[in-house]
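The values are calculated or read from the model by the stated rules, or taken from the named source; none is laboratory data. Predicted model, so just to flag it, every value in this text is computed and none were measured. Glycine also receives a Cβ, built like all others from the backbone with ideal geometry; neighbour counts cover every protein chain displayed. The protein model used for the area step is the full one, side chains on, heavy atoms only, and it has no ligands, DNA or RNA in it. Shrake-Rupley method; radii C 1.70, N 1.55, O 1.52, S 1.80 Å.
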Amino acid sequence: MLEPVVGQPLTWHNVTLPDDWVGIRGQIKHLGQHTFSRINMRGVLYENSRVNFTSIGQIDHGANDADADQESRLMTVEPHAKGSVNPVLVIDENDVRAGHAASVGQYDEDALYYLQSRGLAMETAKQILIDNFMEPIWRLRNGEVG
């Protein structure tokens, strides 16, 4: 049995400036058998910023036992910020594992309220929620697993 080919995952994070318009596309193509890939994208949007994340995992015919996964998440901190995520899987083989997760949304209002009820100022509480949102990607970029 062949061992999977393991490479560095494609990891991207973005924190926008007030009027940024950003488009990011990450793509990994599986050409051979027993290949492995991960696309991880996270971003935080402020004021009038606009961000689009597109992640493409492609598994070509003959790339059996490929393992492809992608996760794209955006947090809009203010109501005028707009984000979109587009996970794309192009699969031309039957014997594979592939999945994706995508979300765009604001921080949890109940969590913000909870932190404020413990005496934290609103801006400090928001920053804690933003840091917690971004923490998984920072761990990946630092080579930590899980």
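Filtered by the rule that a residue be surrounded by 21 or more Cβ atoms within 10 Å (Cβ to Cβ) and either small (Gly, Ala, Ser) or within 29 Å of Gln106 (Cβ to Cβ) (or both), the range 58-70 gives Ala63, Ala66, Ala68, Gln70. If only residues of the range 36-75 that are part of a strand (DSSP E or B) and polar (S, T, N, Q) are counted, the one that is farthest from the chain's Cα centre (by Cα) is Gln58. For Thr16, the criteria (1) modelled with pLDDT of 90 or more; (2) open to solvent by less than 40 Å² (accessible area, probe 1.4 Å); (3) farther than 16 Å from Ala102 by Cα hold in every case but one, which is (1). Apart from one condition, Asn14 fits all of (1) among the polar types (S, T, N, Q); (2) touching a strand residue (DSSP E or B) at 6+ places or on another chain (Cβ under 7 Å); (3) outside any strand (DSSP E or B); the exception is (3). Within the range 87-104, the set of residues being surrounded by fewer than 13 Cβ atoms within 10 Å (Cβ to Cβ) and either over 16 Å from the mean Cα position of the chain (by Cα) or not aliphatic (A, V, I, L, M) (or both) comprises Asp92, Asn94, Asp95, Arg97, Gly99, Ser103. The residues of the range 81-98 that are touching a strand residue (DSSP E or B) at 6+ places or on another chain (Cβ under 9 Å) and either assigned to a loop (DSSP other than H, G, I, E, B) or under 30 Å from Gln127 (Cβ atoms) (or both), listed by number, are Ala81, Lys82, Gly83, Ser84, Val85, Asn86, Pro87, Asp92, Glu93, Val96. Taken together, the criteria exclude Arg25 from residues that are surrounded by 17 or more Cβ atoms within 10 Å (Cβ to Cβ) and either modelled with pLDDT under 85 or out of contact with any Gly (no Cβ under 6 Å at 6 or more places or on another chain) (or both). Looking only at the range 105-118, which residues are open to solvent by 70 Å² or more (accessible area, probe 1.4 Å) and either outside any loop (DSSP other than H, G, I, E, B) or over 16 Å from Thr76 (Cβ atoms) (or both)? Within the range 105-118, Glu109, Asp110, Tyr113, Tyr114, Arg118 qualify.
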